[in-house]
Amino acid sequence: MPTLNKPKAVNNWITTKSGGRFDFANPTQAMLNIRDIAGALSKICRFGGHGRHFYSVAEHCINVAHCTYALKGDPLAGLLHDAQEAYVGDMVTPLKGLLPGYQAIEDKIIELIRIKWMVDIHAPAVRHSDGVMLWEEAHILVLGVRKWTKYKERPRLPYGFKPLGKIPMHSQLAERKFLEEFKWASMISKKNNY
């Protein structure tokens, strides 16, 4: 009978774009890097890649930030509402519910983001904006579906708010725009917090 090789020990960490380490077992605020977040989110596709076009989580976050701002909310919270996905990926919602261990790890990272950048990603304006963009993306930008069970009708768009465009950004542009939006949203957030 052949002998099986003993599996190698699995690391609890990943190497990030900046060359740092992100340890899933013991994450800290110091491991969170906005350039890593922008770079990763710009390469992660929404809807698990099941759309007509590549549409990045970074572009989604930019749109949520602008929608949140139009609702008089904190655009930095809107921009960072999915930042944890830079480390854990954009897992499709039906699968998340089947993996409670995943949810615990994601929740820990969300808490670190909340503390580091002083944002409330669960604020009503952010939640509404995320819903607006989910509908827009599913119906217009990505899937082109006519009916979708999550929303019976289109969520109310804030006055004057329009998604950035019908043609999704390529990843390099999305990364650059995310970093630009981070600077803008940080200035607004600081102004409103003092």
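The values are calculated or read from the model by the stated rules, or taken from the named source; none is laboratory data. Owing to the predicted nature of the structure, the values given are computational and were not obtained by experimental measurement. All Cβ positions, even for glycine, are placed from backbone atoms using ideal geometry, and neighbour counts span all protein chains on display. Keep in mind that these areas ignore ligands, DNA and RNA; they rest on the heavy atoms of the full protein, side chains included. Shrake-Rupley method; radii C 1.70, N 1.55, O 1.52, S 1.80 Å.
The residue that is modelled with the highest pLDDT, among those in region 151-170 that are in contact with a helix residue (DSSP H, G or I) (Cβ under 8 Å, 6 or more places away or on another chain) and within 19 Å of CYS45 (Cβ to Cβ), is MET169. Taking the conditions (1) in contact with a Phe, Trp or Tyr (Cβ under 6 Å, 6 or more places away or on another chain); (2) loosely packed, with under 14 Cβ neighbours inside 10 Å; (3) within 30 Å of HIS128 (Cβ to Cβ) in turn, ARG52 satisfies each one other than (1). Considering region 20-32 alone, what residues qualify as being assigned to a loop (DSSP other than H, G, I, E, B) and open to solvent by 50 Å² or more (accessible area, probe 1.4 Å)? Of everything in region 20-32, those that are assigned to a loop (DSSP other than H, G, I, E, B) and open to solvent by 50 Å² or more (accessible area, probe 1.4 Å) turn out to be PHE24, ALA25, ASN26, THR28. Selection of first residues in region 43-68 that are touching a residue at least 12 places away in the same chain (Cβ under 8 Å) and within 11 Å of GLY89 (Cα to Cα) and of second residues that are among the aliphatic types (A, V, I, L, M) and open to solvent by 10 Å² or more (accessible area, probe 1.4 Å), restricted to Cβ pairs under 6 Å at least 6 apart or on distinct chains, gives the following pairs, ordered by first then second residue: GLY48/VAL92; VAL57/ILE44.
Residues in region 82-100 include at least one that is open to solvent by less than 30 Å² (accessible area, probe 1.4 Å), within 13 Å of the chain's Cα centre (by Cα) and of a type in the set (Phe, Trp, Tyr). Answer yes if at least one residue in region 118-127 is under 19 Å from VAL57 (Cα atoms), open to solvent by 40 Å² or more (accessible area, probe 1.4 Å), of a type outside the set (Lys, Arg) and at pLDDT 85 or above, and no otherwise. There is at least one residue in region 118-127 that is under 19 Å from VAL57 (Cα atoms), open to solvent by 40 Å² or more (accessible area, probe 1.4 Å), of a type outside the set (Lys, Arg) and at pLDDT 85 or above.
Residues are listed down the side, and each one gets a yes or a no for (1) in contact with a strand residue (DSSP E or B) (Cβ under 9 Å, 6 or more places away or on another chain); (2) at pLDDT 95 or above:
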| site | (1), (2) |
| --- | --- |
| VAL92 | no, no |
| PRO100 | no, no |
| ALA104 | no, no |
| ARG114 | no, yes |
| LEU134 | yes, no |
| HIS139 | yes, no |
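With respect to the conditions (1) of a type in the set (Phe, Trp, Tyr); (2) open to solvent by 60 Å² or more (accessible area, probe 1.4 Å); (3) within 12 Å of SER42 (Cβ to Cβ), TYR69 falls short on a single one, namely (3).
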